[in-house]
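Asker: Next up is a structure, given as structure tokens.
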Amino acid sequence: MITKERITAYINSLDKDLPPKLYKLEQEALKNKVPIIRKETQGVIRFLLNLQKPRRILEVGTAIGFSALFMSEYSPRDCKITTIEKVPMRLIEARKNLANKDFPQRDKIQLKEGDAFDILSNLVEAKESYDFIFLDAAKAQYMNFLPNLMKLLEEGGLLITDNVLQDGTVINSRYSITRRDRTIHGRMREYLYTITHMEELETIILPVGDGVSISYKKS
Ligand SMILES: C[S@@+](CC[C@H](N)C(=O)[O-])C[C@H]1O[C@@H](n2cnc3c(N)ncnc32)[C@H](O)[C@@H]1O
């Protein structure tokens, strides 16, 4: 946790409660150690959904469908959500949750199964576009996804990226990072440098949860 734990706990205590079914799914995910968006990140996303009122959301990294169902709850009724996942074990749970009648907004969501790198290329080829993109997959691949995400993101759209501060270790010198984590450390720093220096984007990095960046694509 990047900000002081007590402050985070206090802010979270002020947050709105999740609808009961979503709360149950969140608790199940936490119990099974599925890495879903943290409470404080949920607040950022809910706020941005209210502000942006997206028509088309793209999510990279479905896991078991928690964040997709969360976004379906707080986005406009006619919004469509495309979410991508590749790991078979996660897909079994995601299919089940996204078909669960307890989530009345689930019909907004389309699950795409496979590697995001290929699916993003297919979406570009099909000339799809999105006004809200949530990137929450393998951190080391964010840089590889970026060119296609930029093509898919509409002007005036938002690109939200989770886990960008890697529990704060992103600020450490590469020499203090274990050899195993050096590649991911370098790639995340490269990603953050790129999205904060691109002409087309206005980006802010928030030390919320595990670090969230919000990039606005300028007209
Ligand atoms: C942090 S979890 C997503 C959590 C989810 N967004 C939530 O908050 O409920 C990241 C997910 O991305 C998936 N993933 C990682 N790399 C991927 C790739 N190249 N293509 C598709 N899915 C990928 C992982 O299998 C994992 O389930």
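Asker: Kindly establish whether Y142 is outside any strand (DSSP E or B) and free of Cβ contacts under 8 Å to residues at least 24 places away in the same chain.
Answerer: no
Asker: Now for a separate question. Does M150 meet the test of being more than 8 Å from the ligand (Cβ to nearest atom) and under 14 Å from the mean Cα position of the chain (by Cα)?
Answerer: Answer is no for this residue.
Asker: Residue check, D118 against (1) out of contact with any strand residue (DSSP E or B) (no Cβ under 7 Å at 6 or more places or on another chain); (2) under 24 Å from S213 (Cβ atoms), all met but one. Which one?
Answerer: Condition not satisfied by D118: (2).
Asker: Here is a follow-up. For M198, state whether it is over 25 Å from N12 (Cβ atoms) and within 15 Å of the ligand (Cβ to nearest atom).
Answerer: Criteria not met by M198.
Asker: Quick check on region 33-47. Is at least one of its residues in contact with a strand residue (DSSP E or B) (Cβ under 8 Å, 6 or more places away or on another chain), farther than 27 Å from Y216 by Cα and open to solvent by 30 Å² or more (accessible area, probe 1.4 Å)?
Answerer: no
Asker: Any idea which of (1) touching a helix residue (DSSP H, G or I) at 6+ places or on another chain (Cβ under 7 Å); (2) open to solvent by less than 30 Å² (accessible area, probe 1.4 Å); (3) without any contact (Cβ under 8 Å) to a residue 60 or more places away in the chain is the one L25 doesn't satisfy?
Answerer: (3)
Asker: Within region 56-63, does at least one residue satisfy the condition of being open to solvent by 40 Å² or more (accessible area, probe 1.4 Å) and out of contact with any Phe, Trp or Tyr (no Cβ under 8 Å at 6 or more places or on another chain)?
Answerer: Looking through region 56-63, none of the residues is open to solvent by 40 Å² or more (accessible area, probe 1.4 Å) and out of contact with any Phe, Trp or Tyr (no Cβ under 8 Å at 6 or more places or on another chain).
Asker: Can you pull out the residues in region 128-161 that are open to solvent by 10 Å² or more (accessible area, probe 1.4 Å) and either β-branched (V, I, T) or in contact with an Asp or Glu (Cβ under 8 Å, 6 or more places away or on another chain) (or both)?
Answerer: Across region 128-161, the qualifying residues are S129, D131, D136, M143, M150, E154, G156, L158.
Asker: Can you name the number of the only condition in (1) away from the ligand (no atom under 11 Å from the Cβ); (2) farther than 20 Å from V34 by Cβ that N144 fails?
Answerer: Result: N144 passes all but (1).
Asker: Just name the residue that is farthest from the chain's Cα centre (by Cα) out of those in region 93-118 that are among the acidic types (D, E) and open to solvent by less than 70 Å² (accessible area, probe 1.4 Å).
Answerer: E93
Asker: Could you tell me how many of the residues in region 121-139 are among the basic types (K, R) and more than 28 Å from R182 (Cβ to Cβ)?
Answerer: 1
The values are calculated or read from the model by the stated rules, or taken from the named source; none is laboratory data. In this text the structure is predicted, and so the values were computed from the model without any measurement. We place every Cβ from the backbone using ideal geometry, glycine too, and count neighbours over all the protein chains shown. Heavy atoms of the whole protein, side chains included, go into the accessibility calculation; ligands, DNA and RNA do not. Shrake-Rupley method; radii C 1.70, N 1.55, O 1.52, S 1.80 Å.
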